[in-house]
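Participant: Can you keep this structure in mind? I'll have questions shortly.
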Amino acid sequence: MCGIIGFAGYKNAPEALLNGLSELEYRGYDSAGIACFSDGVIKVLKSVGKVSNLRKELPPDLLSFCGIGHTRWATHGGVSKVNAHPHTFGCVTLIHNGIIENYHELELILKQQGKFPISQTDSEIAAMLIDSFYQGNAYTAIRDAVLQFSGSYAFCIMFSDQPETIYCIRKGSPLVCCCSEQGSIVASDMVALLRYSKDYFVLPELQIAKVTRNSILVTDLEGQECTPKLLSITWDLSSAQKNGFKHYMLKEIYEQPESLRRTIMPRLRKTDDDSVLLLPDFTEDNIPDSLFSNINRIIITACGTAMHAGLIGRILLERLLRIPVSVEIASEFRYENPILDKYTLVITVSQSGETADTLAALRLAKNLGAKTLSIVNVKGSSIARESNAVFYTHAGPEIAVASTKAYTSQLAAFYLIAFRFAYLTKLQTDTQCSLLSSKLFHIIPDVEQVLMLADKVKKISRNLISATDLFFIGRGLDYALSCEGSIKLKEITYIHSEAYAAGELKHGTLSLVTEGVPVIALATQPDVFSKMISNIKEVRARGAFVICITTQDAVIDPTLYDQKLILPPIDPLFAPFCTAILLQLLAYYTSLLRGLDVDQPRNLAKSVTVE
Ligand code: F6R
């Protein structure tokens, strides 16, 4: 969603802002703009489309050391220059990420005062309201305005009579800040701060940051000075660059052996020096054992791909713990008045840690007295900070909109949590938990082997480039993977695709399977293999073009498929890691061969900070 950057420093602000916006491009956007103090006045530049369009409009002689920049992902009002940020009203120029839900009521009040917006955005109304309270004191104007807003926001605000200063405030939407030798910088996420510093802080909600070139002063709404907690990141700028790969998505697919290693290895320990038992240990994560005691139900809630990781997590947890586990779409869960108590563990899953619906689901779960654990990639993000405990996936920065390495790290997190839970509650023997843990560790070479199939997958994907509809089918773990394969493919190839539990096809969808329709059939699970073969026969009999993903020892009549991909020898419980990578590659190459924007598919945003 919208990307925000603010810079006050010693180098050329327009350049710093445009670089920051380019680094935030991956979040998804449709227009961009900057505002800079230059010769004591605020100059605003906006354009529709890519940041490169904005760069072309930049006057070469624009000299400034302080400014704000924004990439917009349209919510209220269409994609146009007038709706692009920054918005100016009176003394106020601002950029905004989020949604002011009561903007219409506020607009009516402002209209009664004879004030009319020129754009269709809720953000301009915010600028108007802050301006209406401004009489020279930025703090009181911001405070009085935010007390009237409902919804979510991260603002960077400049006042025309306060040169070289930016004020920031947030609620619900992210904003991180850092100070460096080159100046002070604020942004929607760490990726835009990386070139300046590895140390940063998350601006606490409803606190105001006054950003000048030498300092960032944080105060609460009562004016008390606050000291936010400093965090630091372990990766550097090169982790957030393409490093020779054509796309971020491909780079991130290939990073999976490493991202899995980083997620799994620090959590596996021998029980003592002489022991042969290797078990998950969450001491360093500060996840207390008590989190797993007296639990009679688990609810996993998340959105999109993170929710699909939860579908795998559910099967695993139920198999090992024999307690009921359900997976809820966060945007549904939050409005369903769910039945939760202190015996319920709610696991929220999020790469960004900022997804608005997942955050709301977490807050609801906490309010209703459930224990909460989050599986999050971005350190210090809202979901991580607000959960009772957090399991960080150490996938590193994920830039491509389509999630790949974050997903497999989420899977690894579920495996580790399930094994630890089963060990602590003695629902599996220590030896069994140890055996499973070492098998998890051994998936890394299997994943490396699967990546070697990339050329074969590329050839197979040629069969999909002119498809208009296709289906993914599977049973059990393979059904959960079908859901993930389908979302990955549709989001970056724009081919209509659906995932079905294979046994469900004949209850309606089979009518859509006709001559040549591609069906990607996952048959990696021995317990349902023969049933799966029957389902493949059903689609084959209707003329489907079948691409089968299966295991080495599986015997399948060659007349039942057109193309086959075989996993390396692997325990079926761990096959999802390998299958997922084949599905990611299939989506990647199909999108590439269709000539599409793999990393930034239309209409989508990386971090969905609005409902
Ligand atoms: C799909 C994808 C999305 C995200 C979803 C949740 O490839 O990336 O479906 O998984 O928007 O995002 P996070 O994990 O940041 O909560």
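Participant: What aspartates and glutamates does K251 reach when the alpha-carbon gap must be under 12 Å and sequence neighbours fewer than 8 apart in one chain are set aside?
Facilitator: Straight-line reach from K251, under 12 Å: E398, D599.
Participant: Once you compute Rg and the Kirkwood Rh from C-alpha atoms, what is the Rg to Rh ratio for region 3-233? Don't skip to the answer; put the middle values down first.
Facilitator: Values: Rg = 16.0 Å, Rh = 17.2 Å.
Radius of gyration over Kirkwood radius for region 3-233 works out to 0.93.
Participant: Taking only C-alpha pairs under 8 Å that are 6+ residues apart, what is the relative contact order of the chain in percent?
Facilitator: 12 percent
Participant: Simple spin-label model, 7 Å along Cα-to-Cβ: K506 to D199 in nm?
Facilitator: For the pair K506/D199, the computed spacing is 6.7 nm.
Participant: Let me ask another. Report D for region 1-69 in µm² per second (integer): Stokes-Einstein, Kirkwood Rh on Cα pairs, 37 °C, 0.692 mPa s.
Facilitator: Calculated translational D: 277 µm²/s.
Participant: Given 0.36 nm per residue, what is the gain on full extension from F245 to C226 after removing their alpha carbon distance, in nm? Show your work: numbers first, answer last.
Facilitator: Numbers: separation 19, 0.36 × 19 = 6.84 nm, distance 4.28 nm.
The F245-C226 span can extend by a further 2.6 nm.
Participant: Next up: Under a 1.4 angstrom probe, counting protein chains only, how are L279, L604 ranked by accessible area, largest first? If you can, show how the numbers build up before the last one.
Facilitator: Working: L279 5, L604 60 Å².
Correct descending sequence by accessible area is L604, L279.
Participant: May I pose another question? Could you provide, to the nearest whole Å², the per residue accessible area of region 27-112 with probe 1.4 Å? Don't skip to the answer; put the middle values down first.
Facilitator: Numbers: 3460 Å² over 86 residues.
Roughly 40 Å² per residue, with all protein chains present.
Participant: Give me the extension gain from K111 to V44: residue separation times 0.36 nm, minus the current Cα-Cα distance, reported in nm with one decimal.
Facilitator: Working: separation 67, 0.36 × 67 = 24.12 nm, distance 2.45 nm.
Length difference between fully extended and current span is 21.7 nm.
Participant: With a 1.4 Å probe and every protein chain left in place, tell me how much accessible area E164 has, in Å² to the nearest 10.
Facilitator: Roughly 80 Å² of E164 is accessible to a 1.4 Å probe.
Participant: Right, here's the next one. Percent of Cα-Cα pairs more than 19 Å apart in region 182-250, please.
Facilitator: Details: 1037 of 2346 pairs.
Counting every Cα pair in region 182-250, those more than 19 Å apart make up 44 percent.
Participant: What number does region 454-593 give for Rg over Rh if you use C-alpha atoms and the Kirkwood radius?
Facilitator: Working: Rg = 13.4 Å, Rh = 14.5 Å.
Reported Rg/Rh (Cα atoms, Kirkwood Rh): 0.92.
Participant: So, with +1 on the Cβ of K and R and -1 on the Cβ of D and E, and no other charges, what is the size of the charge dipole of region 454-593 about its Cα centre, to the nearest 20 debye? Don't jump to the answer; show the numbers that get you there.
Facilitator: Details: 13 positive and 14 negative charges, 56 e Å.
Once rounded to the nearest 20, the dipole reads 260 debye.
Participant: Continuing with the same structure: Rounded to a whole number, what is D in µm²/s for the chain from Stokes-Einstein with the Kirkwood radius over alpha-carbon pairs (37 °C, 0.692 mPa s)? Mind showing how you got there, number by number?
Facilitator: Working: Rh = 25.5 Å.
Approximately 129 µm²/s, per Stokes-Einstein.
Participant: A further question follows. For region 267-391, state what percent of all Cα-Cα pairs lands in each successive 5 Å bin, counting from 0 Å until the bin that includes the largest distance.
Facilitator: 2, 12, 20, 23, 21, 12, 5, 3, 1, 0, 0
Participant: Pairs of alpha-carbon atoms within less than 8 angstrom and 6+ residues apart define the contacts here; what relative contact order does region 261-344 have, in percent?
Facilitator: Values: 75 pairs, mean separation 21.8, N = 84.
Relative contact order comes out at 26 percent.
Participant: Do the sum for the chain: with -39,500 (n - 2.57) for every DSSP H run of n ≥ 4, divided by all residues, what is the mean residue ellipticity at 222 nm, to the nearest 500 deg cm²/dmol? Don't skip to the answer; put the middle values down first.
Facilitator: On the way: 18 runs with 203 residues, N = 611.
Only helices count here, giving -10000 deg cm²/dmol.
Participant: Okay, next question. Place a point 7 Å from Cα of Q120 in the direction of its Cβ. Which residues in region 59-76 have their backbone N less than 15 Å from it?
Facilitator: 73-76
Participant: Something else about it: Can you tell me the dipole magnitude for region 256-411 around its Cα centre, using point charges on the Cβ only (Lys, Arg +1; Asp, Glu -1), in Debye to the nearest 20? If you can, show how the numbers build up before the last one.
Facilitator: On the way: 17 positive and 17 negative charges, 25 e Å.
Computed about the Cα centre, the dipole is about 120 debye.
Participant: To the nearest 10 degrees, how steeply does helix 103-112 sit against the main Cα axis of the chain, on a 0 to 90 scale?
Facilitator: 20 degrees
Participant: Still on this model: So what is the diffusion coefficient of region 180-308 in µm² per second by Stokes-Einstein at 10 °C and 1.306 mPa s, using a Kirkwood Rh over Cα pairs?
Facilitator: Working: Rh = 19.4 Å.
The Stokes-Einstein estimate is 82 µm²/s.
Participant: Give, rounded to the nearest 20 debye, the magnitude of the charge dipole that the chain has about its Cα centre when Lys and Arg contribute +1 at Cβ and Asp and Glu contribute -1 at Cβ. Show your work: numbers first, answer last.
Facilitator: On the way: 58 positive and 63 negative charges, 176 e Å.
The dipole magnitude comes to about 840 debye.
Participant: Label-point separation (nm) for N53 and R462, each offset 7 Å from Cα along Cα-to-Cβ?
Facilitator: 3.6 nm
Participant: Also: When the accessible area of the chain is split by element with a 1.4 Å probe, what percent falls to carbon and sulfur?
Facilitator: Values: 11800 of 22910 Å².
Whole-percent figure for carbon plus sulfur exposure: 52.
The values are calculated or read from the model by the stated rules, or taken from the named source; none is laboratory data. Remember, predicted model here, so these are calculated numbers, not experimental data. No Cβ is skipped: glycine too gets one built from the backbone with ideal geometry, and neighbour counts run over all protein chains shown. Heads up: the accessible areas ignore ligands, DNA and RNA and are worked out on the full protein's heavy atoms, side chains in. Shrake-Rupley method; radii C 1.70, N 1.55, O 1.52, S 1.80 Å.
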